[in-house]
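Everything on this sheet refers to the single structure shown next.
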Amino acid sequence: MSFIHFIGGEKGGVGKSLVARVLAQHFIDEGIPFVGFDTDKSHGALLRFYADFAAPAVLDQPDSLDPLIEHALDDPERRVLVDLAAQTQQSLGQWLDDTDVIGLAEEHGLTLTWWHVMDAGRDSVDLLRQWLDQFGGRLKLVVVLNEIRGDRFEILDSSGERARAEALGASVITLRRLPDTTMQKVDRQSASFWAAINHHDRGATGLGLLERQRVKVWLHRTYGELVKVAL
């Protein structure tokens, strides 16, 4: 069985690309073959940090996402990872419905997983509600609580949308906080997480021993969250 992972959340700046990068690094570390597709025209993170594994996928035509299915069917052992730019849910939804991609996936044994990345604000909750209204129960859902963008999710919990998502079979995972200064240094070098942890030249990475250790611990804890999800 092959897996296609859509990393979404619709809102800009919630950490979609960070989640895509973590998944890419996890697949590499575990020796799981994958191909990434980056839909961000301006600053695609997969193309920047994992260029050897990624290709662009601009959502400007009805068939723009067709290669996702073709790649998944050509090699069932290879995961397909899609980093969705902000405000692409409508285009994706139209593609899913116009081609009956969900039905096709069921017919061919493909698992379609939507990763809904959230910050702690009300906008993210409203967008989760809209996603559940449109796709709830039709696609496998992983709700990602990104503590790097806020660590208090009372609005989500009080809204009832988390309970609704879980009732529909969603997994809920947490992306723990990493100090902004450390993440900025990793990003400044356009380095993979492997390079950030293992490259000892501080002049090249800007990371000292303890900062590399913090990234290593953070990534290990994040991988611990991923065990809740079939990848």
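Since every read-out is calculated from the coordinates, none of them should be taken as a lab result. Worth saying up front: this structure is predicted, and the values here are computed from it rather than measured. Don't worry about glycine lacking a Cβ; one is built from the backbone with ideal geometry, like all the others, and counts go over all protein chains shown.
Things worth noting here:
- Point-charge dipole on Cβ atoms (K/R +1, D/E -1) for the chain, about Cα centre, debye to 20: 1240 debye
- The range 61-122: trypsin sites (Lys or Arg not before Pro) in DSSP loop, at most 16 other beta carbons within 10 Å: ARG78
- Subset of LYS41/LYS216; LYS140/LYS228; LYS11/LYS185; LYS16/LYS228; LYS11/LYS41 violating a 22 Å alpha-carbon distance limit: LYS41/LYS216; LYS11/LYS185
- Over the C-alpha trace of the range 80-152, radius of gyration and Dmax come out as 13.4, 41 angstrom.
- Between helix 122-135 and the chain there is an angle of about 40 degrees, using the helix long axis and the longest principal axis of the Cα atoms.
- Size estimate for the chain follows the Kirkwood approach: the inverse of mean 1/r over distinct Cα pairs works out to 18.1 Å.
- Between the Cα long axis of helix 209-226 and the first principal axis of the chain there is an angle of about 20°, rounded to the nearest 10.
- The slack in the chain from TYR223 to ARG164, taken as 0.36 nm per residue of separation less the alpha-carbon distance, amounts to 18.7 nm.
- Within the chain, longest stretch clear of exposed GluC sites (Glu not before Pro) (DSSP loop, no more than 12 other Cβ within 10 Å): 78-231
- Percent antiparallel among DSSP beta bridges (both partners in the range 2-178, rounded to 5): 0 percent
- Taking SER17, SER124, SER190 in turn, the Gaussian network model of the chain (Cα-Cα springs below 10 Å) assigns the largest fluctuation to SER190.
- Summing +1 for each Lys or Arg and -1 for each Asp or Glu among the other residues whose beta-carbon sits under 10 angstrom from that of LEU23 gives +1.
- Lys/Arg +1, Asp/Glu -1 at C-beta; the range 151-194 dipole; positive extreme among ILE173, LEU156, TRP194: TRP194
- Each Lys or Arg adds one and each Asp or Glu takes one away; over the other residues whose Cβ falls under 15 Å from the Cβ of THR181, this sums to +3.
- Computed magnitude of the charge dipole of the range 74-127 (debye, nearest 20; Cβ of K, R +1, Cβ of D, E -1): 220 debye
- Candidates THR99, THR113, THR39: whichever shows maximal mean-square fluctuation once the chain is modelled as a Gaussian network with Cα springs under 10 Å: THR99
- Point-charge dipole on Cβ atoms (K/R +1, D/E -1) for the range 164-224, about Cα centre, debye to 20: 120 debye
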